[in-house]
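All of the numbers you see were taken from the coordinates with simple rules; none came from a lab. The model shown is predicted, which means the values in this text are computed figures rather than measured ones. A quick note on method: Cβ atoms are made from the backbone with ideal geometry, for glycine too, and the neighbour counts reach across all protein chains shown.
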Amino acid sequence: MVNSLEVPPYLLQPLIPRIIAGTVTCAQAFGSEIYVGCSNGELLRYALQPDADPTKILSFSYIPLLDYSPLFLLFPNSSLRYHANLAQLDAYALLSQQSHPSGKQIDELILVPCIARALILCDRQFHIYTLPSLDLVPNAKPIRNVEALAVDHNHLQRPAATSLTTRATSTSANFPTERGKVDAIDLCVIKRSTIAMYSLGEEKLIFTREIPFRPGSLRARRSGRHLCIATADIYSVIDLVTAQMFELLPVTQVEVTAGTIKPHIVVISPSEFLLLSWTGGSTLGLFVTGDGDPVRGTLEWPSYPVSVCLDYPYLTTLLPNGTIEVHSVETQTITQVIPAPDFGEGGKPGLVSCLAGYAAPSSERRDKMRKVKVGLVRSGEVGLKMDDDEVHESQNEEVEEEKDADSVRTKKRTRIVFEDNDDSTDVPSVSI
């Protein structure tokens, strides 16, 4: 068996080596496809393409998702699984490219596989697109003056629509395919002074109710009946059923230049959130319930993280110096530190998690695979000697040990890393 202390949780590898359509501002992935939004309003769709080299092997990971320009994959080390029948798929290639009507920066891209929809926030307008084709949903007018979007995290984890799982299972038998009735998802649209609640199904978007709220929302995350929301100054939690609000924690505990500290909210489990607060010398991470009560211990970073992602039981953070730190949610200890790839001068890396999971080509550990003799018993053969049974049992145990050492079970989650460039007029062309 593999010693867990000798195997770090994650590996980092290139995923899409070159993006020239624009500076990446957001990205998401599902199954065998990756969706990318750019600063010039371009929407890119990449798909895993076949390769003639049979020696190249796929590894698959599930993930919860990501933010900036050439894409890298940060996947669980223990999730590596080899599929000989899938070895023909190798690289992601650009499948389609389209421009958002506004030509403005794509700020956020949320995939909702259970209803085969993509939610896109651009120029403070919320648009609904179809998956996997990224077509605008007919007769769905955009919602304007939007400051933040928050889809119920529990609904994002539902099994994908049949149209998507059929495509996904053509490259992996591991993606969730069970699906019953198509239930609508719940989401919150945060505007300047209100929080509007909607129900979104495959057919239409339905407004349900509205709650007053103060201006200046920067980020929001929803889990069930609880909405955690942040302004530039403070985190608050709102019970969407009773409309009660509780202030929780300051975003920064010292005076800073406006815009330098952006709030981070991570859904840890149903009705549990992680909030980050800058103290002036370090960053504290506090776990709180939907009722505002503290739970677990406290996390700490030497600087204020650029990105924070959950891949339970691990929390992955990207620091300003490019270092990726991996903490255990359960013990609040550091389990791994990964140097970020060199994005070049002026590059700003980001980190995002992909909830629905996707396929990733990898030849990692391929050199450790070797042929092993396996004892077989013919059908109907009886009266085998006891020593023969012991030989077969010993051989089978050796095979299982090899499988455990070289092809550890698949875990649920992955990460992508990418680069952003502040100068949107200078479109980067990066090769990894």
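Worth pointing out:
- Extension gain for Tyr312-Arg296 works out to 4.3 nm (0.36 nm per residue, less the C-alpha to C-alpha distance).
- Given Lys191/Lys262; Lys141/Lys348; Lys191/Lys348; Lys141/Lys262, the pairs whose alpha carbons are separated by over 24 Å: Lys141/Lys348; Lys191/Lys348; Lys141/Lys262
- Pairs of alpha carbons in the stretch 273-348 whose separation is greater than 19 Å (percent): 37 percent
- Prolate/oblate/rounded call for the stretch 192-260, Cα gyration tensor, a/c under 1.5 rounded: prolate
- Summing +1 for each Lys or Arg and -1 for each Asp or Glu among the other residues whose beta-carbon sits under 13 angstrom from that of Thr252 gives -1.
- Mean Cβ count within 10 Å, highest first, over the residues of peptides 313-320, 193-200: 313-320, 193-200
- 14 Å beta-carbon shell around Arg296, net charge (K/R +1, D/E -1): -4
- Normalised by 2.2 N^0.38 Å, where N is the number of residues, the alpha-carbon radius of gyration of the stretch 265-306 equals 1.16.
- Subtracting the Cα-Cα distance of Lys373 and Thr162 from their residue separation scaled by 0.36 nm leaves 71.9 nm.
- Other residues lying with their Cβ under 15 Å from the Cβ of Ile195 contribute a combined charge of +3, Lys and Arg counting +1, Asp and Glu -1.
- The alpha-carbon atoms of the stretch 231-366, seen along their principal axes, cover 54, 34, 24 angstrom, with the largest extent given first.
- Residue ranges 141-150, 28-37, 289-298 sort as 28-37, 141-150, 289-298 when ordered by packing (mean number of other C-beta atoms within 10 Å per residue, highest first).
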